[in-house]
Amino acid sequence: MGVTGQLIFLGGFLLIFYFLLWRPQSKRQKEHRELIGGLERGDEVVTAGGMLGKIVKVTDDFVVVEVADNVQMPIQKVAVTAALPKGTIKEVKA
C-alpha cells in the first residue's frame, strides 16, 4: 500500500468518524439548546433525573418546576431533557 492508499484509508476513516460520531452528536446538542431556549411558563417537562412537572417560573439559568400540588423545585435548565405535550401530567396521574 503506497502513500496514496494510506491517504485514501485515512480520508475514509475520517468520513466514517464524521458521519457516525461527530455529526449526530452536534445535531443532538443543537436540538437541546433550542429546547432550553424555548422553555416558558406552563410547559410540561421531564428532567434528566426522570422528574415530571410543569414550569412555574423561568430565569436565566434555572426553571422552577411544580412536581406536585404546592411542591416546587428549582432545576437547572440544562437538566431538562424533554418538553411534553400539554395534558401529559394529567394522563400520568390518572
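Of note:
- In a reduced charge model with +1 at each Lys and Arg Cβ and -1 at each Asp and Glu Cβ, segment 13-94 shows a dipole moment near 260 debye about its Cα centre.
- Spatial extent of segment 26-94: Rg and Dmax, with the Cα atoms as the point set, Å: 11.6, 38
- Interchain or long-range residues, amide H under 5 Å from Leu84's placed H: Glu44, Val45, Val46
- Positive-end residue of Gly2, Tyr18, Ala68, charge dipole of the chain with Cβ unit charges: Gly2
Just so you know, all these numbers are worked out from the coordinates, no wet-lab data involved. None of these values were measured; they are calculated from a predicted model. Reconstructed Cβ throughout: ideal geometry from the backbone, glycine too, with neighbour counts over all protein chains shown.
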